[in-house]
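Heads up: the structure comes next, in C-alpha cells.
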Amino acid sequence: YVATPDETGQATSDIQFDANSALPRALRHELMPIFVNETYIPEAILSERGRVAILGAQLFIPMPGRDRLIGWLALGERLSGESYAAHDISFLEALGGQAAVALERAQVLTNMERRVTEMNALARVAQGINITLNFDDILELIYAQTTQIIQSNDARLTLYNQTGQYYYHAFYVENDERIP
C-alpha cells in the first residue's frame, strides 16, 4: 500500500505498507477504525508505531473491497483539536466504504480498457500478417503494436533458428532508432 498522490501528482508520503504488515492486516481483520495517539497505540499495530508516527495519522478508516482491503483513510488530528465524535467516525466509515466501491469500479474499468487496447493491437498484428508478405514489415508492425501497449524506446525481437539451433536478433531498436 502506497499513499495516494496529491492534486499535482506528487507523492504525499514515501511510507509504504506491505500487504501482510501489521496495519493492513489489522484493518483487514477488524474492518473497524483504528485510533492512535501519542499515549495509545493498539497492540495489533505496535510493530508499525514508527511509521504511524511519521505519518502523523490519528485515525485509520478501512476501505473494504469485495475480496480484499482496497486501502484506508489516514486522518491526522482535527484542526479544531477536538476528538473525533461517534458521528464523525460513522460518516468516515461510510465514506471509506463508498470510496472502496468507486475505486474497485475504476480498477475494473481500467483493466477492461487495457484489455481492449491489447486485443486491438493483437488484431492489427493478425490482419497485418495476413496482408503483408515482407518479413521486415511484419517485424515493424509487431514492434509498432507492442509499443502501443508497452511504452519503450528500446526493443529487440529475437528469433530462434531451429535448423542451425541458434538465436538471432531479427529486429533491434535503440533510442527509437532502428539498428540494421
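The values are calculated or read from the model by the stated rules, or taken from the named source; none is laboratory data. In this text, all values refer to a predicted model and were calculated from it rather than measured experimentally. Backbone-built Cβ (ideal geometry, glycine too); neighbour counts: all protein chains shown. These area figures cover heavy atoms from the full protein model, side chains too; ligands, DNA and RNA do not enter into them. Shrake-Rupley method; radii C 1.70, N 1.55, O 1.52, S 1.80 Å.
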Query raised in the report: What is the packing order of peptides 3-10, 75-82, 124-131, taking the mean over residues of other C-beta atoms within 10 Å and listing the highest first?
Result: 124-131, 75-82, 3-10
**Report entry** Sequence ranges 110-117, 62-69, ranked by mean other-Cβ count within 10 angstrom, highest first
**Finding:** 62-69, 110-117
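How would you classify region 2-92 from its alpha-carbon gyration tensor, with a ≥ b ≥ c the square roots of the eigenvalues: rounded for a/c under 1.5, else prolate if a/b is greater than b/c, otherwise oblate? Provide the component values of the computation, followed by the final result.
Details: a/c = 1.21, a/b = 1.08, b/c = 1.12.
Verdict is rounded for region 2-92.
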Requested in this report: Please work out the C-alpha center-to-center distance from region 90-130 to region 1-69 and express it in whole Å.
Outcome: 26
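Using a 1.4 Å probe on the protein chains only, how many percent of the accessible area of the chain belongs to carbon and sulfur?
Details: 6800 of 12830 Å².
With neighbouring chains kept in place, the figure for the chain is 53 percent.
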Query raised in the report: Using a simple charge model, +1 on the beta-carbon of Lys and Arg, -1 on the beta-carbon of Asp and Glu, nothing else, what dipole does region 96-180 show about its Cα centre, in debye to the nearest 20?
Result: 340
Query raised in the report: Please identify the chymotrypsin sites (Phe, Trp or Tyr not before Pro) of region 1-79 that satisfy two criteria: DSSP loop assignment and at most 12 other Cβ atoms within 10 Å. Which are they?
Result: Tyr40
Requested in this report: Using R₀ = 45 Å, calculate the FRET efficiency as 1/(1 + (r/R₀)^6) where r is the Cβ-Cβ separation of Thr117 and Ile15; round to 0.05.
Outcome: 0.85
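Could you provide, to the nearest whole Å², the per residue accessible area of the chain with probe 1.4 Å? Intermediate values should be presented prior to the final figure.
Values: 12830 Å² over 180 residues.
Value for the chain: 71 Å² per residue.
Which value in Å does the Kirkwood hydrodynamic radius of the chain take, with 1/r averaged over all unlike C-alpha pairs and then inverted?
Working: mean 1/r = 0.0480 Å⁻¹.
Result for the chain stands at 20.8 Å.
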Requested in this report: Note down the magnitude of the dipole of the chain about its Cα centre, charges +1 on Lys and Arg C-beta and -1 on Asp and Glu C-beta and zero elsewhere, to the nearest 20 debye.
Outcome: 520
Report summary line: Comparing Asn134, Asn20, Asn37 in a Gaussian network model of the chain (Cα, 10 Å), the one with the largest mean-square fluctuation is Asn134
Report task. Average the reciprocal distances over every distinct pair of alpha-carbons in region 39-78, invert the result, and give the Kirkwood radius in Å. Result -> 11.2
